[in-house]
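S.K.: Sharing a structure here in structure tokens format.
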Amino acid sequence: MLEANAMLALAAAVLWGGGDFSGGMGAKNAGGTMRGALCVVLTSHAASFCVLVVLASLSGDPFPRGGPFWWGLLAGVMGGLSLTGFYVALSRGAMGVSAAISGLLAAAIPAAVSLAGEGSPGWRRIVGFFVAGASIWIIAAGDNPEAKPVSSGTTWLAILSGAGFGVYFTALKFAGVAGVVWPMATARIGSLTTCSLMLVAMSFTAEKERGWLPRRAVLWALSTALLDTSGNMLFIASTRAGRLDVAAVLASLYPASTILLAAWMLHERPTRRQGFGMVVAAAAVVMITL
């Protein structure tokens, strides 16, 4: 039977994959520009923040202070920057490749932090971590002939976003000592502030674009808010239930659900290599959780 730590992380991976797909579609419907991606993130996180504040008030949880508060803000800043770049990458096509590259780096950073702070999780899990990393790499390796080719710029956006997600996961772990809801709310404060400042700066340095978001982009952004926020809360709960490396590595398998959604809705069919990568990912889950 799976431990709570692992079950929550896998559930977070499923929701994150759906949230990333929705965010990429929202950015695409917003024009595929950095400004459009920022507007999608802001809309999503504003809706998320309002719901989180209501939930925190109803639950009576105390507002975090000191270290947990600052860790939550750092998570929000890194999350906002990473999501913006990631949604632009997703909106350019080949969603599976962008998601897989970011997932590999997102798993590596918190896993290294956990190994340094919590000690070794045991040889079987360490091997499982490497197998999970290999599965993400297999999914990402090579061009998908049935999807749009990935440019070097898109690849770098995915790489930088993945590194930012790794810092985000780690910061959420340290913010999570204050609970589950308020750490996410403080993270949203950080992301809303960062993305708002970026949007204001862009209005002075780039040609002005009329309007905010088309209706379809707003709907995708609200879908992202539901899926991403739920996934984040499950991830925090997972880190509170067990090790950070287990939570981060398993949650970073989210590219699989992004790929399946892209295949279903966009006909961006997975290659045999990606299918094999998913099988390897399943083997990694077994090694990590048994």
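We did not get these values from a lab; they are worked out from the coordinates using the rules stated. These numbers come from a predicted model, not from an experiment. Virtual Cβ from ideal backbone geometry, glycine too; neighbours counted across all protein chains shown.
S.K.: In debye, nearest 20: dipole of the chain around its Cα centre with unit charges on the Cβ of K, R (+) and D, E (-)?
M.R.: Rounded to the nearest 20 debye, it is 260 debye.
S.K.: Oh, and also: In nm, give the distance between the simple-model label positions of Trp123 and Arg216, each being 7 Å from the Cα along the Cα-to-Cβ direction.
M.R.: That separation, rounded to one decimal, is 5.4 nm.
S.K.: A further question follows. Residues with beta-carbon under 13 Å from that of Ala251, excluding Ala251: net charge, scoring Lys, Arg +1 and Asp, Glu -1?
M.R.: Net charge around Ala251: -1.
S.K.: Rounded to whole Hz and in sequence order, give me ³J(HN,Hα) for the stretch 247-253 from the Karplus expression 6.51 cos²θ - 1.76 cosθ + 1.60, θ = phi - 60°, writing x for Gly and Pro.
M.R.: With coefficients 6.51, -1.76 and 1.60, one gets 4, 5, 5, 5, 5, 6, 7 Hz.
S.K.: Right, another one. Take each of the peptides 177-185, 124-132, average the number of other beta-carbon atoms within 10 Å over its residues, and list them starting from the highest.
M.R.: Top of the packing list down: 177-185, 124-132.
S.K.: Something else about it: With Cβ to Cβ distances under 10 Å as the rule, what net charge do the other residues near Gly79 carry (K, R +1; D, E -1)?
M.R.: In short, 0.
S.K.: Take Val279 and Thr33, extend 7 Å from each Cα along the Cα→Cβ direction, and tell me the distance between the two endpoints in nm.
M.R.: My value for the distance between the label points is 4.5 nm.
S.K.: What is the gain in length, in nm to one decimal, between Ser203 and Trp156 on full extension, counting 0.36 nm per residue of separation less the C-alpha to C-alpha distance?
M.R.: Between Ser203 and Trp156, full extension yields 14.5 nm more.
S.K.: Taking a label point 7 Å from the Cα of Leu266 along the Cα→Cβ vector, which residues of the stretch 22-45 have an amide N closer than 11 Å to it?
M.R.: 22-29
S.K.: Okay, moving on. Consider all pairwise Cα distances in the stretch 168-267 and report the whole-number % of them above 19 Å.
M.R.: Pairs farther apart than 19 Å: 59 percent.
S.K.: Right, next: At a temperature of 37 °C and a viscosity of 0.692 mPa s, determine how fast the stretch 216-263 diffuses translationally according to Stokes-Einstein, using the Kirkwood radius over alpha-carbon pairs as Rh; express D in µm²/s, rounded to the nearest whole number.
M.R.: Answer from the Stokes-Einstein relation: 272 µm²/s.
S.K.: Using the eigenvalues of the Cα gyration tensor, what equivalent ellipsoid semi-axes result for the stretch 4-289 when each is taken as the square root of five times the eigenvalue, whole Å, largest first?
M.R.: Ellipsoid semi-axes (Å, largest first): 27, 25, 15.
S.K.: Taking the Cβ of Ile288 as the centre, find all other residues whose Cβ is under 12 Å away and add up their charges (Lys, Arg: +1; Asp, Glu: -1).
M.R.: Taking every other residue near Ile288 into account, the sum is +1.
S.K.: Once the dipole of the stretch 177-290 is set up with Lys and Arg at +1 and Asp and Glu at -1 on Cβ about the Cα centre, which of Val249, Ala217, Ala237 lies farthest towards its positive end?
M.R.: Ala217
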